[in-house]
Amino acid sequence: MQTRALLAVPASLFLAASAAAYAQNAVKPSPKMTAKLTPEQVQQSAIVIDTHADTPQRFVDENFDLGDPLGNGDFNLESAHKGNLGAEFFAIWVDPVPNKGQFARRTLILIDSVKQQAAKHSDQVMLVTSPEGIELAHREHKLAVLMGIEGGHSIEDSLALLRDYYALGVRYMTLTWANSNNWADSSGDVDEPNIPHTKEGLTEFGKDVVYEMNRLGMMVDISHVSDKTFYRTLVISRAPVIASHSAARALCDAPRNMTDDMLRAVANSGGPNSKGGVIQVNFYSGFLSQAYRDASKAQQSEVNKAVQDLKDKYKAEGKEAPPAEIQKLQRQFADRIPRPPLSMLIDHIDHIAKVAGVDHVGLGSDFDGVQSQLPEGLDSPADLPKITAALMQRGYSAEDCRKILGGNLLRVFREVEQVGKELQAENRPRITDKQPFDKPQK
Ligand SMILES: [Zn+2]
């Protein structure tokens, strides 16, 4: 924390000195003059926001503490401070298979783990729920911690649970994870014929979920959903949407990545007066690099066999293979594939900025969610300044960098809250609510 505060000083001093110089010479600051900022100064003067880290699994399952060394993970307080990270959205992700029948229980445990960590490290961390909260934490040189639910199955088909999660501080929800639920379809299983899917991407209840999120002022997150669910959601959402951790399909053909048309649709999402949504780019090598993805696919049968062998070994002893061991094995295989260069992540940011606009792109790392399969030189938030440097090398201005680093997400978050206030005043009945004319006549 000390380091961070000290580091923040030169940037602000520099800005103040520049402002004084402009005033003295009565010269209007030209883009050329602001371009003199170094990447370090830009990084230090930005509110850097990452919208997706899966660290809460580690809090609960590994007893991981934010003050611990990274170990085999990607996120801790030290690295966040080194990279001048201003805000992290921790993902509340409930693995649907082992938690079948108790999605809400696991959701609440994960939420609690984030709160416990924030309380324990209150000298360095501030749990916040609003754009103003992010700015306040930034002014106090603390890391703002927020929460987003990954996977609509967490609400167990209940708008009441959705509202409860909002009350506990959750500020976005991906409508699905890799699993389709009863009201929205996932890109992860949309082609599997044995899994039931909706007719139009969202059921009537699914539309109510989106409306209720709009009304609460919770960001609607379309990462992971099927293309049909994506378009259906964009048609009905009254607020701009976010993709908390998604990349560009034109550069890497993953079903979970977004086509150019989808990127533009996010930029145009929200009502007629909306400034549009934002795509927060995922850092996972398998979403960034086609070569990595192909190599990963090529070893899939070998991986599956090794996992089966491990399971059989445990089964022979009458036990179940521990998930941690399975993960370790999978990671050994993944580590054999060469990491893509950092420039590939920049290619995705650049592509989205060109297709959707520089106001519609940001960072959604997926730290602790991708078995550390990240581009070369990008191991934790401490390496985030490398992204700023690379963007400036490609000609992005200091102002554009600040937008990408967090400004765009803050703008969308504010607008989502504003739309929520407007809808709360409207008091519109929900789609699945009985309409007055449905009531039986006396
Ligand atoms: Zn995810």
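Bear in mind that the values in this text are calculations on the coordinates, not laboratory data. All figures in this text were calculated on a predicted structure; none of them were measured in a lab. All Cβ positions, even for glycine, are placed from backbone atoms using ideal geometry, and neighbour counts span all protein chains on display.
Cut-off is 10 Å between beta-carbons; in what order do Ser397, Ser289 appear when sorted fewest neighbours first? Taking fewest neighbouring Cβ atoms as first place, the list is Ser397, Ser289.
Note on segment 317-358: along the principal axes its Cα atoms extend 56, 21, 10 Å, ordered by decreasing extent. When the trypsin sites (Lys or Arg not before Pro) in segment 163-203 are filtered for DSSP coil states and for at most 12 other beta-carbon atoms within 10 Å of their beta-carbon, the remaining sites are Lys199.
Among Tyr314, Tyr172, Tyr211, the largest mean-square fluctuation in a Gaussian network model of the chain (Cα springs under 10 Å) belongs to Tyr314. Amide H contacts for Asn268 (H built 1.01 Å from N in the peptide plane; partners 5 or more residues away or on another chain; cut-off under 5 Å): Gly277.
The ranking of His245, His360 by Cβ neighbour count inside 10 Å, starting from the fewest, reads His360, His245. Residues whose amide H lies under 5 Å from that of Ser186, counting only those 5 or more places away or on a different chain, are Ser180, Asn181, Ser226; hydrogens are built 1.01 Å from N in the peptide plane. Structural descriptor for the chain: relative contact order 19 percent, calculated from alpha carbon pairs under 8 angstrom and at least 6 residues apart. Name the residue, out of Asp368, Asp123, Asp359, whose mean-square fluctuation peaks in a Gaussian network model built on the chain with Cα pairs under 10 Å. Of Asp368, Asp123, Asp359, the Gaussian network model singles out Asp123 as fluctuating most. Using only Cα coordinates, the Kirkwood hydrodynamic radius of the chain works out to 22.6 Å. GNM remark for the chain: springs join alpha carbons under 10 Å apart, and the peak mean-square fluctuation among Ala265, Ala324, Ala390 falls on Ala324. According to the Cα-based calculation, Rg over Rh for segment 341-442 is 1.26, with Rh computed by the Kirkwood formula. Here the simple spin-label model places points 7 Å from the Cα toward Cβ, and for Glu200 and Glu135 these points are separated by 3.9 nm. Over 30 Å apart at the Cα level, from the set Lys328/Lys354; Lys82/Lys275; Lys120/Lys319; Lys228/Lys275; Lys207/Lys421; Lys199/Lys305, are Lys328/Lys354; Lys82/Lys275; Lys120/Lys319; Lys199/Lys305. Put in order of Cβ neighbour count within 10 Å, fewest first, the listed residues Thr229, Thr129 become Thr129, Thr229. Counting only DSSP beta bridges whose two residues both lie in the chain, roughly 5 percent are antiparallel.
Amide hydrogen proximity for Met147: with H placed 1.01 Å from N in the peptide plane, the residues at 5 or more positions away or on another chain lying under 5 Å are Phe90, Arg171. Other residues lying with their Cβ under 10 Å from the Cβ of Asp50 contribute a combined charge of -2, Lys and Arg counting +1, Asp and Glu -1. By the scheme Lys and Arg +1, Asp and Glu -1, what is the net charge of all other residues having a beta-carbon under 10 Å from that of Pro375? Within the 10 Å Cβ shell, the charges total -1. Length gained on full extension, Ala160 to Lys275, computed as 0.36 nm times the residue gap minus the Cα-Cα distance: 38.4 nm.
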